[in-house]
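The values are calculated or read from the model by the stated rules, or taken from the named source; none is laboratory data. The model shown is predicted, which means the values in this text are computed figures rather than measured ones. Methodologically, a virtual Cβ is constructed for each residue, glycine included, from the backbone with ideal geometry; neighbour enumeration extends over all protein chains shown. The area values use the complete protein model at the heavy-atom level, side chains included, leaving out ligands, DNA and RNA. Shrake-Rupley method; radii C 1.70, N 1.55, O 1.52, S 1.80 Å.
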Amino acid sequence: MNRRDFLKNTVKGVAGLGISAAAIEFLNPKDILANINKDTAKVRWAFLVNTYKCVGCGFCVKACKQENEIPYDANVTRTWVERYVITKDGKRYADTPKGARDGFITTKIEMGKDKFQEVKDEDIQKAFFVPKLCNQCENPPCVQVCPVGATYQAPDGVVLVDRTWCIGCGYCIMGCPYGVRFFHPKYHTAEKCNFCYHRITKGLKTACVQACPFGARQIGNIKDPNDPITKIILTERVGILKEEFGTKPQVFYIGLDREVK
Amino acid sequence: MVHGELWTVKELFVYPNEYIYWSVQIVMYPFMTGLVAGAFVLSSLYHVFGIKELKDIARFALVFSFALLFVAPVPIILHLQHPFRGINNLMTPHFTSAIAAFGIVFSTYGAIVASELWFLYRRHFVSIAQPLKDKQDKTLGEWIKFFIFCSLTLGVYDVSDESLKKDEKAIKVLAGLGIPVACFLHGYAGFIFGSVKANALWMTPLMPVIFIMSAIVSGIALCMLTYILTMEARKFLSKRKKATQLGHQTSEELQSAEVNVIRMTAKYLLLFLVFAISLELLDLVFRGYTATKSWDVLRSVIYGKDFTNIFILQYTIGNLIPFILFLLPNLTIRRAVLAVVLVMFGVFMMRWNVVVGGQAFSLSFAGYMHYHLPIIPHDWETLKEGFFGALAVFLAPFGLFWIITKIFPVFDVKESH
């Protein structure tokens, strides 16, 4: 092969590779799917928590455990409620006994290692409750780190786990900055809140939303401008958790305090 | 009970689902792959860079690396909640995950080591298979031996000078190719940790480099230790065989060869140890200096909860003391044994402090988790993810090495090159 032929063939080869690579791009399965399921792409589930309304009754946690078959006494939960107590002398306490499954039945703060801290009412500067659940991030690190693709994001934004394919390495649990993931005590696969996917896709509310007596929890479609929660998120001041991780969480909070961890 | 609950003790504010999910087997995993990579790099120092002083240990290190290779994935499998699904990692690799590369990197590396070994031992295989092939009345034992070595030759019986020269060239290329792949094999283990943005202790781009450096340190240390042990055994045997076998190396010859190899190898160990410690300290200083949001909780773990593990066990006993032991003049075998054992302990503690230390604090930055390694097993989980599971993983390569040396003898063998 002389130099001219070599250059010719190189140009041809590069062009050929470029065209075939473009074909792969052109036939991106995700885009095809998005075009087929145009309706589902119009939905993006989001959650709104009004921390002013939460009283820490724990009905949401209880309802979630029952709805999603998380063993009742197992010390893991798909959603939980945190209590924050800040005293006048600047001390900060937080706890979530059993994920607040039974609510907060004592004023003593759980400190771990079976220790409790008594805080007198008159010493409290401010105190509040914060419900937590999976943030169904727009940029979910758990999906990124799953080595087998067992956890994935549905077109409507909800991150799901395939229990038949999860190998149980725990990388997603490590990758989640919010600590929402755990191993299911029975199935031994990664487990997390999925916004009660089996319910919301049938037009129902999530178990926790339905169980909340005070309307502190709401779920809706953020792509629908007429959805009540979309209106609130667009017009009011809402916060998100741990923005610095760049995960773009889709659980929004009204009245989020800087002390919330 | 939830996985992890058994060995986790929570303190202050920890999210309800947080436990030490990555336990001792995940400490063993980078430790073992580190030994694989380290042993290989040591063998390549001779094959690629032609450092002649390391000739004796190079062959040894390559065979040992091969033995370690089979054990490296074992801790992961013991750790998986669904070990039988581990193959999914090869079936549907999800390439945005660092772990997904495991199958490709690992098998590439395995193929390189296996081919290099083949070229290195080809002449040896032929020297055993050829006479057996010509022999008429073979006993059953000879048939088995013939079958094994005949298969290992892959039908190539050409041992002319010309073909042996080609072997030599192939070894050099493979060893050269193996260095980046070995570094990648281990660097990516570091990347698995370093890329977890949720974990304040792990997330640093230095992690893969730190892992590679400490891997080479531990790999060289393990090779030195095993080399010494085998040489001692040979010395013992040569004393007994002295009268009967002529031509065998005498105990004194072995002694002087051993000391020379160990002194030379120790220099390379020191070099990589300096790199490893410098990078680790750089990481620590940088974290303290920049003092980002996580520094408060990290400081309380590094200088408080894990002080003994990090500064006493890892840096002092595992790094500083062996460093001094190696630097003192006239290194003896006994001193070298003590030093390499301490070095390996130091690298193990480094892995421990990364894996367990990274989970010692809550994602809330307001609480802590303490890990209690299960020692006495009372069920399958505490066996495989407990002390004995880890011990089995550590001891397995030695047993495997003993078996493999039956086919790839590391001493007294005619070289292919």
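For a straight C-alpha distance cut-off of 17 angstrom, the lysines reachable from B:K172 (same-chain residues fewer than eight places away being disregarded) are B:K52, B:K55.
Summary of the geometry: the stretch B:350-384 and the stretch A:158-189, compared by the centres of their Cα atoms, lie 18 Å apart. Within the stretch B:333-417, the trypsin sites (Lys or Arg not before Pro) that combine a DSSP coil assignment with at most 11 other C-beta atoms in a 10 angstrom radius are B:K406, B:K414. By the beta carbon rule, with partners counted only under 4.7 Å, chain A holds these lone Cys residues: A:C54, A:C57, A:C64, A:C137, A:C146, A:C166, A:C169, A:C176, A:C196, A:C212. Probing with 1.4 Å while keeping every protein chain in the model, the per residue accessible area of chain A equals 51 Å². Summary value for the stretch A:142-261: 13 percent relative contact order, contacts being C-alpha pairs under 8 angstrom separated by 6+ residues. Placing +1 on the Cβ of every Lys and Arg and -1 on the Cβ of every Asp and Glu, with nothing else charged, gives the stretch B:348-417 a dipole about its Cα centre of roughly 120 debye. Accessible surface calculations at 1.4 Å, restricted to protein heavy atoms, place the stretch B:294-417 at 46 Å² per residue.
For the stretch B:144-212, with all protein chains in place and a probe radius of 1.4 Å, 73% of the accessible heavy-atom surface sits on carbon or sulfur. Ordering of B:46-53, A:124-131 by packing is A:124-131, B:46-53, highest average first (other Cβ atoms within 10 Å, averaged per residue). In chain A, taking the dipole from charged Cβ atoms about the Cα centre, the farthest positive-side position among A:G215, A:A100, A:P140 is held by A:P140. Inter-chain Cβ neighbour count for A:77-88, averaged per residue, equals 1 (cutoff 10 Å, partner chain atoms only).
Per-atom-type breakdown for the stretch B:247-381 gives carbon and sulfur 69% of the accessible area (1.4 Å probe, protein chains only). Per the Kirkwood formula applied to alpha carbons, chain B shows a radius of gyration over Rh ratio, Rg over Rh, of 1.01. Over the stretch A:102-261, the hull volume per residue, using the convex hull of the C-alpha atoms, is 163 Å³. For the peptides B:10-19, B:394-403, residues were scored by their other Cβ atoms within 10 Å and the scores averaged per peptide; the highest-first order is B:10-19, B:394-403. Within 10 Å of the Cβ of each residue in B:91-103, the mean number of Cβ atoms contributed by other protein chains is 5. Around the amide H of A:F182, modelled in the peptide plane, lie the amide H atoms of A:E191, all under 5 Å away and 5 or more residues distant in sequence or on another chain.
Stick to the Cα atoms of the protein assembly as shown, pair each with every other, and give me the Kirkwood hydrodynamic radius in Å at one decimal. Across the protein assembly as shown, the inverse of the average 1/r is 28.4 Å. Around the Cα centre of the stretch B:1-132, unit charges on the Cβ atoms of Lys, Arg, Asp and Glu (plus for the first two, minus for the last two) sum to a dipole of about 520 debye.
When a/c is below 1.5 the answer is rounded, else prolate if a/b is larger than b/c, else oblate, so apply that to the stretch A:144-198 with a ≥ b ≥ c taken from the square roots of the Cα gyration tensor eigenvalues. It is rounded, given that a/c, with a ≥ b ≥ c, falls under 1.5. The residues of the stretch B:1-106 expose on average 30 square angstrom of accessible surface per residue, using a 1.4 Å probe on protein heavy atoms. The B-A contact accounts for roughly 3800 square angstrom of buried accessible surface, both chains included, probe 1.4 angstrom. Leaving ligands, DNA and RNA out of it, report the carbon-plus-sulfur percent of the accessible area of the stretch A:133-181 at a 1.4 Å probe. On the stretch A:133-181, the fraction of accessible area on carbon and sulfur atoms equals 55 percent. For the protein assembly as shown, the antiparallel share of DSSP beta bridges with both residues in that region comes to about 90%. For chain B, what is the charge dipole size about the Cα centre, in debye to the nearest 20, if Lys and Arg each add +1 at the Cβ and Asp and Glu each add -1 at the Cβ? My answer is approximately 740 debye.
Among the residues of B:282-294, the average count of other protein chain beta-carbon atoms within 10 Å of the residue beta-carbon is 0. Cross-link reach is defined here as a Cα-Cα straight distance under 16 Å, omitting same-chain residues fewer than 8 places apart; for B:K197 the lysines meeting it are A:K242, A:K248, B:K293.
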